[in-house]
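Readers should treat all values here as calculations from the given coordinates under stated rules, not as data from a laboratory. Just so you know, these numbers come straight off a predicted model, no measurement behind them. FYI the Cβ positions are ideal-geometry reconstructions off the backbone, even for glycines, and counts take in every protein chain you see.
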Amino acid sequence: MAVQYGMRTRDASGAVTLDTSVTPIRSLKMMTVVGDGSFDQYIPIPEIQAQSFVVVDTLEYQGDLTYTPQAWYSTGQLHLRQPLSKTWQVMILSQGGEPFAAPGSYGIRVTNNAIRTQIDSVNRVLSVHSSGTFQCGQQGGNFIQWVDINFPAVITTVERPMVFLNAVDYMMVGNFSVKGAPGAWTGFRLKAWPDSLHGSAWTQYMTIKWFCSSYMAAADTQGQYGARVRDANGALLFSTATNITSLNSQPFSNSFETAGTPLTGAGGYYAPSQQMAWTGSFDDYVLANALFSCTNIAQTTQPIRANFGGFWPGNRGMLQMYVDNGSGINPLTANGRTLFAARPMKPI
């Protein structure tokens, strides 16, 4: 038998519940930063490493115009454009190997050849909280424009939960927001943006699968099997009995490129086309939190602009985005919007 590295656990039936030689667990470190009101703010964050991937999110619900600032990052630094004076949530993808949070911290670190997995009180895993399917868009004379989803139970974390979307085929959505407030997140809301550039697909309802992930601890039901990590107070940080969200990091690039046909219309309407190489797999979901929320460009005639996009019919090799600019004058693009590809480790 070949030498095995890493960790493997099974449940009472003998089924494998965790195998780091197959799928490494990538954890997230979440922190907050505060805007200083400048146009471009550069914030030193040593935790951002060369292999990191970062998402900036809001902790506020502002209805259909919930927004986040444009965000870029480099090793040791976060760049926010017009962050105003608000508090923003920063999520840093951990590849494992970071120092534990503090002396005496509790956690687990596993090495599988060059692949590392780390889970502790700071670098924590996301677990699937709830999931479902909805339809929206145009079909004949029926148009479902807005979708409101309520979670089956309130999520009580301070951190805003992550919502991942994956259409059965075509998807074009925007104006995304998570409803609620820190400590009481209740659901999410989004808008369908069908357009005629995508053939007959836009005349049919979009069928979209979703799941929500959070740090909220799941019930520990695995009995004497598997692995658990608890903090110094006994609170559950991780259990192999839960359905872990497998974060695939970024797809193949870290920004969008101007490509494709822009959307134009009456009155000078203009929405530039932006594209990014995607994973190629219909099993991968895309993080909706920052990508499909609005952007706030203060001190302009159109300060809050909707980001919308998704997948073309039959195509998972490319992620399509548009920004609702209103006109072609100084158009805002999707460059700087950040995202994760992910999938549940267990079927949902």
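Grab the Cα-Cα distance for Thr258 and Asp195, subtract it from 0.36 nm times how many residues apart they are, and report the gain in nm with one decimal.
Value of the extension gain: 20.9 nm.
Show which lysines lie in cross-link reach of Lys29 when reach means a straight Cα distance below 28 angstrom and same-chain residues fewer than eight apart are skipped.
The reachable lysines, counting only those whose Cα sits under 28 Å from Lys29, are Lys86, Lys179, Lys209, Lys346.
Pairs of Cα atoms under 8 Å, at least six residues apart: use those to get the relative contact order of the chain, whole percent.
Averaging sequence separation for qualifying contacts and normalising by length gives 19 percent for the chain.
What's the FRET efficiency of Thr300 with Ile348 using the Cβ-Cβ distance as r and R₀ = 30 Å, to the nearest 0.05?
Once rounded, the FRET efficiency stands at 0.15.
For the range 15-73 and the range 268-299, what is the separation of their Cα centres, given in Å?
The range 15-73 and the range 268-299 have Cα centres spaced 16 Å from each other.
If you build a Gaussian network model of the chain, linking Cα atoms that sit under 10 Å apart, which residue out of Pro46, Pro262, Pro83 swings the most?
In the Gaussian network model the winner is Pro46.
What FRET efficiency comes out for the pair Glu47/Leu236, r = Cβ-Cβ distance, R0 = 35 Å, nearest 0.05?
Computed FRET efficiency for Glu47 and Leu236 comes out at 0.90.
What does the extension gain come out to for Ala153 and Gln62, with contour length at 0.36 nm per residue minus their alpha carbon separation?
That pair, Ala153 and Gln62, stretches by 30.6 nm at full extension.
Tell me the label-point distance for the pair Ala266, Thr207, using the 7 Å Cα-to-Cβ offset, in nm and rounded to one decimal.
3.5
Would you order Ser255, Ser27 from fewest to most other beta-carbon atoms within 10 Å of each residue's own beta-carbon?
Neighbour counts put them in this order, fewest first: Ser255, Ser27.
What order do you get for Ile304, Ile329 when you list them from fewest to most C-beta neighbours inside 10 Å?
The most exposed by this proxy come first: Ile329, Ile304.
Assign unit charges at the C-beta atoms only (+1 for Lys and Arg, -1 for Asp and Glu), then state the dipole size of the chain relative to its Cα centre in Debye, rounded to the nearest 20.
Computed charge dipole of the chain: roughly 440 debye.
How big is Rg to Rh over the range 260-336, alpha-carbon atoms, Rh as the Kirkwood inverse-mean-distance radius?
Using only Cα positions, Rg/Rh for the range 260-336 is 1.00.
Could you tell me the relative contact order of the range 128-214? Use alpha-carbon pairs under 8 Å, at least six residues apart, and round to a whole percent.
46
At what distance in nm do the modelled label points of Ser38 and Ala277 sit from each other, each positioned 7 Å from its Cα along Cα→Cβ?
3.4
Work out how much length Asn315 to Arg10 would gain on full extension: take 0.36 nm times their residue separation and subtract the Cα-Cα distance, in nm to one decimal. Please report the intermediate quantities before stating the final value.
Working: separation 305, 0.36 × 305 = 109.80 nm, distance 3.62 nm.
106.2 nm is the gain from fully extending Asn315 to Arg10.
When the label point is put 7 Å from the Cα of Arg109 along its Cα-to-beta-carbon vector, which residues of the range 25-56 have a backbone N closer than 15 Å?
So the set is 27.
If each Cα of the range 128-214 is one equal point scatterer, what is log10 of I(q)/I(0) from the Debye formula at q = 0.10, 0.13 Å⁻¹?
Listed by q, the Debye log ratios stand at -0.27, -0.44.
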